[in-house]
Amino acid sequence: MPDHRTSGGEFTGRVALVTGAGQGIGAAVTRALAALGATVAATDRDADTVSGVASAQAAQAAETGRRPAAGRVTAYPLDVTDADAVEATVARVERELGPVDTLVNVAGILRTATVLEMTDRDWADTFAVNTTGVFHLSRAVVARMTPRRSGCVVTVASNAAGIPRTRMAAYAASKAAAVMFTKCLGLESARDGIRCNVVAPGSTDTPMQRALWADESAPARVVDGDPSPTAYRTGIPLGRIAAPEDIADAVVFLASDRARQITMHDLYVDGGATLR
C-alpha cells in the first residue's frame, strides 16, 4: 500500500480551507494537505504567522521543484468569531482559488481556571472561537458545498470533550459542543454528499500545550498522569505526547477518498489517554 503522506497528488485539484493555520496543528494540517497537492486557503487571526506558513510552503515547493499551481498555500487573515468576515473570506477564497472541497476547523483557544474562578469574558471568548467559530465557517462553506453535492468538513476538537478535566470546563464544554454540532451537520448534509467528521487530539506538542508547562519535567508528568485530587488526570498509555503531524495525518485521512464511507465519526488521537 502506498504511503499517502509522501506519494503526493491525493488532493491535487482540490481546494481546502484551514482555520487556525498559523501554528501548531493548523499549520501541520496545512502542510500535509499542500504536500498532497491541495490548494490551501490558510486562515488565522494572526496575519503574520499565517503568512509565514504560506511563505515557508512556497519556499519548500520551489526547493523541491514542485509546480507553483500544485500544493500552493495562500494566507487569508480571519477572525472566526466575526460572521461577516467569515462570509466575505469564504466568498473571496472561492473566487480566487476555486470551490472549497474541504474545510478543516482547527482555530481554538484555551483559558484555564476552575469553574468558580472562571470569568464571564473567558467563558464567552472560549465559546466564541471554539464553538461559534466552527458554526460560522461550517455554515458558510457547507452552504456552497450543498448545491455541488460534494465536500467534507473535519473539526479538530479535543479528547477533553469526552472526559472531564479540572481547570478546563470552558474548553471542554466548548469542544464538546463543537463535536455535537459537527455530527448534527453531518446528519443534515449526508444526503447532499457532504461528510462531517471530528478528530479529537490529546496532549500535543503545540504552543498551546507548552503554555501549560511550568518546568522541564512537565512533559513527563503529562505522560505519567496525575491522580491527585487537584487533577484526576490519566496518563498516556503509549508513552508519548503527540506531534502536530500525528493529528494532521488523521485529518488528512478523514478528508480523503479513503474515508468516503465515514461521516459523523469522532476519531480520538490521544495515545489511549481517555481509555476509549
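Values in this text are rule-based calculations from the coordinates and carry no lab data. Because the structure is predicted, anything quoted here is derived from the model rather than measured. Positions of Cβ are generated from backbone atoms using ideal geometry, with glycine treated the same way; all protein chains shown enter the neighbour counts.
Structure summary
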| item | result |
| --- | --- |
| Per-residue Cβ neighbour rank within 10 angstrom, fewest leading, ASP48, ASP215 | ASP215, ASP48 |
| Formal net charge of residues neighbouring ALA28 (Cβ-Cβ distance under 11 Å; K, R +1; D, E -1) | -3 |
| Anisotropy class of the range 134-213 from Cα gyration tensor, a/c 1.5 cut | prolate |
| Formal net charge of residues neighbouring ALA231 (Cβ-Cβ distance under 10 Å; K, R +1; D, E -1) | +3 |
| Estimated inter-spin distance, THR146 and ALA218, nm [label 7 Å along Cα→Cβ] | 4.3 nm |
| Most mobile listed residue (PRO227, PRO164, PRO201) in the chain, GNM with C-alpha springs under 10 Å | PRO227 |
| Label-point separation in nm, ASP79 to MET208, each point 7 Å along Cα→Cβ | 1.9 nm |
| For LEU212, LEU17, order by how many other beta-carbon atoms lie within 10 Å, fewest first | LEU212, LEU17 |
| Among (1) 0.96; (2) 0.93; (3) 0.99, the entry derived from the coordinates for Rg/Rh (Cα atoms, Kirkwood Rh) | (1) |
| Total formal charge among the other residues, if their Cβ is under 11 angstrom from that of THR43, Lys/Arg +1 and Asp/Glu -1 | -1 |
| Per-residue Cβ neighbour rank within 10 angstrom, fewest leading, TYR171, TYR232 | TYR232, TYR171 |
| Two-decimal Rg to Rh for the range 154-197 - Kirkwood Rh, Cα set | 1.10 |
